[in-house]
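Report on the following structure.
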Amino acid sequence: MSARFDPAAYAESAHATVDLLAAHVAASQRGEGVATVRPPAEDVVRDLDLHRLLREGGLDATTWPAFLQAYLDRGVHLHHPGSIAHQVTVPDSPGALGDLVHGVINNPMGIDEMGAAAAAAERAVVAWMLERAGMPDGEGALTHGGSLANLTALLAARAHVAPEAWAQGTPADLVLLAPASAHYSVRRSAAIIGMGERGIVELPSDALGRIDPGALDATLAAVTAEGRRPLALVAAACATSTGLHDDLRTIGAWCREHGVWLHADAAHGGSALLSARLRTRLDGIEQADSVVWDAHKQLGVAGLCAAVLIRHPGGLRAAFRQDASYIFYEDHEEADDLLELTVECTKAPLGVKVLLELGFRGEAAVAEAIERRHDVALEAARLLAAHPDIDVPYTPESTIVCFRHVPSDDAGQLAIRDRLMAAGRFHLSSAVVAGRRHLRLVVSAPDTTAATIAALVDEVTSG
Ligand SMILES: Cc1ncc(COP(=O)(O)O)c(C=O)c1O
């Protein structure tokens with residue numbers, strides 16, 4: 001068989017694919033089957049005959065539907081109401097169309113000439129996100145994930161604080177102020193930009209991991225006394241483990257007063273900016289110098305699609321100073337290509353997905369879906385806490401809820417998670433909160449309701 005795109009064969013297999021996927025989503029939405037499976041990797045390799053396919057081929061329009069079904073059967077089913085483990089969005093159908101189109105036309109538009117429409121869509125989406133984050137004059141880009149977006153934001157902070165660093169390397173006196181609860185990509189980013197882990201100064205936090213704003217003066221005084229200076233302060237909106245928000249208003253005012261770059265990691269919580277009711281949780285974000293906001297966490301588009309937003313005009317461009325003669329031509333100072341703003345060169349057209357989601361649904365409906373998930377999380381906390389054997393250590397401020405089965409020890413929490421995953425109806429995660437292992441849920445699926453949580457309470461407590 002020739003390796004050439006055959007439009008008729010594509011249409012046949014694509015129609016079959018879409019039909020199977022639609023049926024898969026419909027069944028998952030009804031709660032049929034399992035939310036997750038965890039087959040051993042070697043079983044999956046065997047069942048899907050992966051090695052033989054790689055070496056000998058064998059897929060065609062006839063065998064593909066069975067392969068796809070087997071593939072779907074061995075993955076997580078995010079549309080299932082019991083899928084409440086992680087912060088990945090349940091893709092909505094408009095955003096999914098973007099990935100379908102990209103798979104065929106492949107317009108990686110780091111430079112405009114490689115996909116003018118996709119590049120324009122990204123610019124429009126970034127402008128919209130900047131506006132929603134209260135940075136209408138800022139500069140931003142979409143990246144393949146929040147981790148890369150965090151790295152990019154810190155590069156922008158570095159260009160601001162130490163513009164010589166691009167040529168000379170990161171100055172040894174720079175430190176990053178961040179709480180222990182910051183997402184691990186923050187620590188990694190510090191190491192990647194050459195600060196080393198010793199470059200991180202851990203900010204004092206309360207028992208739930210929120211930055212203690214009252215301790216900032218003392219931390220800065222200690223840093224200064226050592227002859228070091230802050231690159232940036234990282235605050236969460238909201239924290240990965242708990243979903244709780246740092247006090248951006250107080251922290252932001254302190255950062256302004258002391259000339260410290262505030263990076264608000266709103267990878268998960270940024271989408272709450274769309275809701276008039278929920279955006280107060282991010283009060284103070286207007287004081288942030290940089291913001292990360294993942295569309296693939298709460299905006300209904302599949303991974304990856306994250307935004308890095310910088311308040312200062314030119315502040316993102318400043319992060320990257322480089323030559324590459326095959327794409328940057330002599331007049332590139334006037335060029336406005338997206339790759340001047342990102343680590344990536346080749347990049348998927350991430351903005352199109354958000355554009356389609358908003359274009360089909362409208363911002364009000366997207367905001368409503370976000371509010372509904374937050375409401376279900378609150379209701380979940382109430383239902384869980386109502387059981388005498390379950391402790392919920394805080395009132396949720398996002399879609400993330402941590403809880404603990406009181407009669408079980410730390411290992412017991414994980415045993416409950418394993419038991420539930422083996423049964424398949426619920427996929428939970430887990431996190432350490434206030435020094436103790438907790439179970440953790442994230443409300444994502446539109447079909448996850450109070451009834452789902454009531455069933456979860458039964459399963460957790462019935463072991
Ligand atoms: C607060 C926060 N920042 C950054 C990230 C990393 O985002 P990504 O998984 O898109 O790399 C996460 C992911 O969970 C997160 O919760």
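The values are calculated or read from the model by the stated rules, or taken from the named source; none is laboratory data. All of these numbers come straight from a predicted model, not from anything done at the bench. Here Cβ is always computed from backbone atoms with ideal geometry, including for glycine, and neighbour counts include all displayed protein chains. To get the accessible areas, we keep the full protein, side chains included, count just its heavy atoms, and leave off ligands, DNA and RNA. Shrake-Rupley method; radii C 1.70, N 1.55, O 1.52, S 1.80 Å.
Extension gain, R382-H258: 0.36 nm per intervening residue step, less the Cα-Cα distance, totals 40.6 nm. Taken one residue at a time, the phi angles of the stretch 336-353 give Karplus couplings (6.51, -1.76, 1.60, θ = phi - 60°) of 10, 6, 5, 5, 6, 10, 9, 5, 5, 9, 5, 9, 5, x, 5, x, 4, 5 Hz. Gly and Pro are set to x. Using Cβ point charges alone (K and R +1, D and E -1), the dipole size of the stretch 1-101 about the Cα centre works out to roughly 180 debye. Looking at the chain, the DSSP beta bridges with both ends there are about 60 percent antiparallel.
Full extension of the chain segment joining E42 with D217 gains 57.6 nm, where the gain is 0.36 nm per residue of separation less the Cα-Cα distance.
What the phi angles of the stretch 109-125 give under the Karplus curve with 6.51, -1.76 and 1.60, with θ = phi - 60°, is a coupling list of 9, x, 10, 4, 5, 9, x, 4, 5, 5, 5, 5, 5, 5, 4, 5, 5 Hz, glycine and proline written as x.
Spin-label model, L97/A423: points 7 Å from Cα along the beta carbon direction are separated by 4.0 nm.
Converting phi to 3J(HN,Hα) with the Karplus coefficients 6.51, -1.76 and 1.60 and the offset θ = phi - 60°, the stretch 50-61 yields 5, 5, 5, 4, 5, 8, 10, x, x, 8, 8, 4 Hz in sequence order, with x at every glycine or proline. When only Cα pairs below 8 angstrom with a gap of at least 6 residues are kept, the stretch 1-152 shows a relative contact order of 20 percent.
Per residue, the chain reaches -13000 deg cm²/dmol at 222 nm when only DSSP H runs of four or more residues are counted, each adding -39500 (n - 2.57).
Length available on full extension from Q69 to L53: 0.36 nm per residue minus the Cα-Cα distance, which gives 4.2 nm. Mean sequence separation of contacting Cα pairs (under 8 Å, at least six apart), scaled by the length of the stretch 153-248, corresponds to a relative contact order of 33 percent.
Share of carbon and sulfur in the accessible area of the chain stands at 56%, probe radius 1.4 Å. Residues whose amide H lies under 5 Å from that of G424, counting only those 5 or more places away or on a different chain, are absent; hydrogens are built 1.01 Å from N in the peptide plane.
Peptides 123-133, 159-169, 142-152 ranked from most to least packed give 142-152, 123-133, 159-169, packing being the mean of other C-beta atoms within 10 angstrom over each peptide's residues.
Taken per residue, the accessible surface of the chain reaches 44 Å², heavy atoms only and a 1.4 Å probe. In percent, rounded to a whole number, the relative contact order of the stretch 213-361 is 16, using alpha-carbon pairs under 8 Å and six or more apart. Charge tally for R38 (other residues, Cβ to Cβ under 14 Å; Lys, Arg +1; Asp, Glu -1): -1.
Taking amide H as placed 1.01 Å from N in the peptide plane, the amide H of S430 sits under 5 Å from that of R440, each at least 5 places away or on another chain.
Computed from the C-beta positions of A8 and H86 and an R0 of 45 Å, the FRET efficiency is 0.70 to the nearest 0.05. Neighbours of P407 by Cβ distance under 12 Å: Lys/Arg scored +1, Asp/Glu scored -1, total -2. Modelled spin-label separation between A415 and A23, with each label point placed 7 Å from Cα along the Cα-to-Cβ direction: 4.1 nm.
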